[in-house]
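One structure is given here, and the rest of the page talks about it.
The values are calculated or read from the model by the stated rules, or taken from the named source; none is laboratory data. Worth saying up front: this structure is predicted, and the values here are computed from it rather than measured. Here the Cβ is made from the backbone with ideal geometry for all residues, glycine too, and neighbour counts use every protein chain on show. When the accessible area is computed, the model is the full protein with side chains, heavy atoms only, and any ligands, DNA or RNA have been set aside. Shrake-Rupley method; radii C 1.70, N 1.55, O 1.52, S 1.80 Å.
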Amino acid sequence: MMKSNSLSEANLLQAVINAVPTPIFFKDAEGRYLGCNRAFENYVGLSRDQLVGKSVFELFDPELAQVYYEADKALYDSRGEQIYEAQVKYADGSIRDVMFHKAAFHAAQENIDGIVGAILDITARKDAERELEKRARTDSLTGLANRFSLMESLDQALERQRRENFGLAFWMLDLDHFKQINDTFGHPTGDTLLKKVAAKLQSCLADNSNIARLGGDEFSVIQEGITSQAEVEALAATLIDEFSKPIHLEQQSLEVSVSIGIAVFDTDNNSSRELMKQADIALYQAKDKGRACFHIFNP
């Protein structure tokens, strides 16, 4: 009778955890699976019968199995709890963000020690977080990086320059007489033009260039991996020439030139703010020279 009751309780427990949509598993002290629910079967793509009695090394790739084993061993040795986030690949091939909730257990009546875990799918939450972070770092009109993102990227680029000793230049670009375009054709046309300018910058500049919109008609470029000032001058001249060509909008074509100020990183004393200040000075010097040209900062 006792055996029948135990069997009924086990069946009831299995039915209950099968109803839970969150993957649940439990293992013994040696890391062998004792059981799981149906959601966990769907997660790994294996049945409960295929899992029970097996270790992670018999079921998963060696590298992944080692990660699981070390986390489980640390948990069991501490007899505590673990809560951590990870990206995992489900049996259907999808990559999901999950949160593991795991704890060590001791079943006194059966004299079994082990660990039990649940895998919470937090993909929707992480996607929302990533979207918010992207919006915080992206210019909403052009899709380029914004000022906040630029400052972070410039600090990182300067750190790489100091560590790897490659050439780096920082550009500030202004559309010439952009206010007149806004006043003449209206702000919607001005916005369309800014998006076209952003696309032209992306098509003209190399992959080692990080482009941002700082606001209004002001753009910036971080150019990494340059080998000489002549290389910077050649690219700037090409860009000036490209912007001498009309930009075609839906209703009209507009002639828009740009002025460019450039600061070249050449000492260990340059900070990101100092480099921006130098490029800004060079930009005003380009405008003083008559616009539609570039000027490289010279101390």
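Can you figure out the FRET efficiency of Asp61 with Arg147, using R₀ = 51 Å and their beta-carbon distance, to the nearest 0.05?
0.75
In degrees from 0 to 90, rounded to the nearest 10, what is the angle of the helix 187-204 Cα long axis to the longest principal axis of the chain?
It is inclined by approximately 80 degrees.
Quick one: check the C-alpha center-to-center distance for the range 176-190 versus the range 232-289, whole angstrom.
That distance is 20 Å.
Equivalent-ellipsoid semi-axes (√(5λ), Cα gyration tensor) for the range 178-299, whole Å, largest first?
Taking √(5λ) for each Cα gyration eigenvalue gives 27, 15, 13 Å.
Mind checking the per residue accessible area of the range 1-96 for me, 1.4 Å probe, whole number of Å²?
Here the residues of the range 1-96 average 65 Å² of exposed surface.
What number comes out for accessible area per residue over the range 128-259 if the probe is 1.4 Å? Units Å², please.
52 Å²
At q = 0.12, 0.28 Å⁻¹, what is the base-10 log of I(q)/I(0) for the range 92-162 according to the Debye formula with one equal point scatterer per Cα and no solvent? Please give it to two decimals.
Values, matching the q order: -0.63, -1.13.
Cα atoms only, the range 181-226: Rg and Dmax in Å?
Final numbers for Rg and Dmax: 12.5, 41 Å.
As an exercise, use a Förster radius of 30 Å and the Cβ-Cβ distance of Arg32 and Ile95 to find the FRET efficiency, rounded to the nearest 0.05.
0.65
What order do you get for 55-67, 192-204 when each peptide is scored by the mean count of other beta carbon atoms within 10 Å, highest first?
Going by the mean number of other Cβ atoms within 10 Å, highest first, we get 192-204, 55-67.
Compute the long axis of helix 272-288 from its Cα atoms, compare it with the longest principal axis of the Cα atoms of the chain, and write down the angle in degrees, 0 to 90, nearest 10.
Approximately 30 degrees, to the nearest 10.
Pairs Lys126/Lys200; Lys179/Lys245; Lys126/Lys179: which are spaced more than 31 Å apart, C-alpha to C-alpha?
Exceeds cut-off: Lys126/Lys200; Lys126/Lys179.
By how many degrees, 0 to 90 and rounded to 10, does the Cα axis of helix 62-78 deviate from the longest principal axis of the chain?
60 degrees
Report the one residue of Gln278, Ala91, Leu239 whose Cα lies farthest in the direction of the positive end of the charge dipole of the chain (charges on C-beta: Lys and Arg +1, Asp and Glu -1; origin at the Cα centre).
Checking the options against the dipole of the chain, the answer is Ala91.
When the accessible area of the chain is split by element with a 1.4 Å probe, what percent falls to carbon and sulfur?
C and S atoms contribute 50 percent here.
For a label point 7 angstrom out from the Cα of Thr184 toward its Cβ, which stretches of the range 277-299 have the backbone nitrogen within less than 16 Å?
Backbone N within reach: 292.
How far apart, in nm, are two points set 7 Å out from the Cα along the Cα-to-Cβ line at Glu131 and at Ala199?
Here the modelled spin labels are 2.5 nm apart.
How large is Rg over Rh for the range 1-138, taking Rg from the Cα atoms and Rh as the Kirkwood inverse mean of 1/r across Cα pairs?
1.03
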